[in-house]
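The values are calculated or read from the model by the stated rules, or taken from the named source; none is laboratory data. This structure is a prediction, so every number in the text was calculated from the model and none was measured. All Cβ positions, even for glycine, are placed from backbone atoms using ideal geometry, and neighbour counts span all protein chains on display. Just the protein is used for accessible areas: all its heavy atoms, side chains included, with ligands, DNA and RNA removed. Shrake-Rupley method; radii C 1.70, N 1.55, O 1.52, S 1.80 Å.
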Amino acid sequence: MAKKLYIETVGCQMNLLDSELVVAALRKDGYELVDTPGKADAILFNTCSVRQHAEDKIYSALGRLKHAKRQHPHKIIGVLGCMAQKDQELIFQRAPFVDLVVGPGQLHQVPQLLRELQVARAPRLEVSLDRAAGSRSAVEQSFESYDPLREAQMRPSPYQAYVRIMIGCDKFCTYCIVPKVRGPEQSRPPHEIEAEVRRLADEGCREVTLLGQTVNSYHFTVGERVWRLADLLGRLSDVAGIDRLKFVTNYPKDMTDDLLAAVRDLPKCSHYLHVPAQSGSNTVLKRMKRGYSVEEYREMLSRIRGTIPGAAVTSDFIVGFCGETDDDFALTMELVRESRFKNSFIFKYSPRPGTKGDELFADDVPEEVKRRRNNELLALQNEISFEDQQALVGRTFEVLVEGLSKMAARGAGHFHTEGASDAVQSTSGESESPATTDMAIKPPAANAGDLMQLTGRTMCDRITVFDAPRRLIGQLVEVSIFDATPFTLLGSVVTREAGPTVYQLAMPVR
Ligand code: 5AD
Ligand code: SF4
């Protein structure tokens, strides 16, 4: 009988990709996925360390398994990902029934470790070297990029896929744990990336999102030539079958003119750019060690707007970072007011042990001030998002149909704004942005033949909901927009009547 696997994932797109790949590898070993821990032989958590809240969630989920593990000691419980790398032995101390702790640079070991655990139970810890524990190359080698062969069925949609182009980060923003838990920045060779994209296209994938913590810092030297993200986008544009290319997350300082020109000139590149600003105050940016001033960020934004008119730009902000005053926060509000981001992910600062920020500065902004700033910034951004989306009513966009809307997938009931929760997931999985309102937008089509409520995204990554036949899933369709909420466009598919074909009889020309 097949062994059963339950996996829970928190965090960013990188984690979603890692989970997809771990599941695919374990399926080859005879595991099948189940939807509750109760049914599983192996329970895995793929974890995030970016904020305390993400870690608390995992420790309480582990706490809930204590009893189950006592009753069913054969169940394997594993903690994977960033929190595994950060906490290491501490996980066994806090949850002694955990069998397996594997960092993000060691995921290739998971199938073998599970096999070994079935034979002999002893806690297993597989993590990469700490950044100070050896030479740069020794540390790099201990963080292995995990890119095994893909399986289309393992993705939420076979038409879309994440592809890792680099791992790690060397920027060391003072608040951020990522350079520690995901290791040094390392780019993958372009030919490997292209081969993966070609295989995905052969399997029917139409949209690829390139992933990196600072994806636009990509560089790989082959002989004399240095490959940058712009070059890679050009190369991947030639892959037949792929219609759309996206990339996240960008680092403002590496938003070079050649990259913007590539996005403008390559028809397959999505005009969607996620470029986190983090703060609108130079004092705070300096303390964060972001490496740019707010003037430089503004200049970059105006280059984006000048080169790619209509581009959808999104951002991240941290409110309540150490020492942030009301005046600093007012500058962040000002930046958001004038920048017209498509949306922003807003986070309350969470001190991370092991970061420079935690070591050097006091977490001195009270929780209620963080909360108030978070809500204020969010309200402003939502207002802007709503105005921006409203301005699109009456226009027609090409939409890649992803699948049933959440509403249609649930069956019926009242409608919650579609994009809100999608948007929150898309960056951090636990943005403090409320998943907005219960705004009722439109019930799915009832008694409308085989029409279903479907969802997809425009080239600028705007979530769009419309009624259409299910067979359009995976297709590019024209959708005309008749209404909008801050996160969702509502539209109807533009049908072009083919009409009867007229054949003309003509005398053959001699
Ligand atoms: N506290 C709050 N937010 C953080 N982020 C990263 N580290 C922290 C932290 N310690 C946010 C940044 C980043 C996003 C993925 O998470 O805004 O862009
Ligand atoms: Fe963290 Fe800064 Fe690297 Fe982004 S660029 S992953 S915020 S250290």
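Summary of computed values
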{"item": "Relative contact order (percent, whole number), region 295-357, Cα cutoff 8 Å, 6+ residue spacing", "result": "43 percent"}
{"item": "Accessible surface of ASP265 - all protein chains present, 1.4 Å probe, nearest 10 Å²", "result": "90 Å²"}
{"item": "Reduced Cα scattering model of the chain, Debye log10 I(q)/I(0), q = 0.09, 0.10 Å⁻¹", "result": "-0.67, -0.84"}
{"item": "Relative contact order for the chain, counting Cα pairs under 8 Å that sit 6 or more residues apart, in percent", "result": "10 percent"}
{"item": "More than 19 angstrom apart: percent of Cα pairs within region 114-177", "result": "60 percent"}
{"item": "Distance violations [Cα-Cα > 24 Å] among LYS246/LYS348; LYS286/LYS370; LYS28/LYS180; LYS66/LYS356; LYS57/LYS253; LYS57/LYS246", "result": "LYS246/LYS348; LYS28/LYS180; LYS66/LYS356; LYS57/LYS253; LYS57/LYS246"}
{"item": "TYR6, TYR297, TYR162, ranked by accessible area, largest first (probe 1.4 Å)", "result": "TYR162, TYR6, TYR297"}
{"item": "Accessible surface ranking that places the most exposed of LYS348, LYS180 first, with a 1.4 angstrom probe", "result": "LYS180, LYS348"}
{"item": "Partnerless Cys - the chain, beta-carbon criterion under 4.7 Å", "result": "CYS12, CYS48, CYS82, CYS169, CYS205, CYS269, CYS322, CYS460"}
{"item": "For CYS12, solvent-accessible area (1.4 Å; no DNA, RNA or ligand), Å²", "result": "40 Å²"}
{"item": "For region 233-333: Kirkwood Rh in Å [reciprocal of mean 1/r, alpha carbons]", "result": "14.8 Å"}
{"item": "For region 165-268, the fraction of alpha-carbon pairs in successive 10 Å shells from zero, as %", "result": "15, 46, 31, 8, 0"}
{"item": "Heavy atoms of SER344 accessible to a 1.4 Å probe, total area in Å² rounded to 10", "result": "10 Å²"}
{"item": "Within the chain: Cβ-based charge dipole about Cα centre, in debye rounded to nearest 20 (Lys, Arg +1; Asp, Glu -1)", "result": "1020 debye"}
{"item": "Cleavage-rule hits (chymotrypsin sites (Phe, Trp or Tyr not before Pro)) in region 23-122: DSSP loop, at most 16 neighbouring Cβ within 10 angstrom", "result": "PHE97"}
{"item": "Region 111-203: GluC sites (Glu not before Pro) in DSSP coil with no more than 16 other Cβ atoms inside 10 Å", "result": "GLU151, GLU203"}
{"item": "Relative counts (whole %) of C-alpha pair distances in region 212-273, using bins that are 5 Å wide", "result": "4, 18, 30, 26, 16, 6, 1"}
{"item": "Fraction of accessible area attributable to carbon and sulfur, the chain (%, probe 1.4 Å)", "result": "53 percent"}
{"item": "Solvent exposure, largest accessible area first (probe 1.4 Å, DNA, RNA and ligands not counted), of THR314, THR9, THR283", "result": "THR283, THR9, THR314"}
{"item": "Cα pair count fraction exceeding 15 Å, expressed as % - region 297-348", "result": "51 percent"}
{"item": "Rel. contact order, % - alpha carbon contacts under 8 angstrom, at least six apart, region 19-147", "result": "22 percent"}
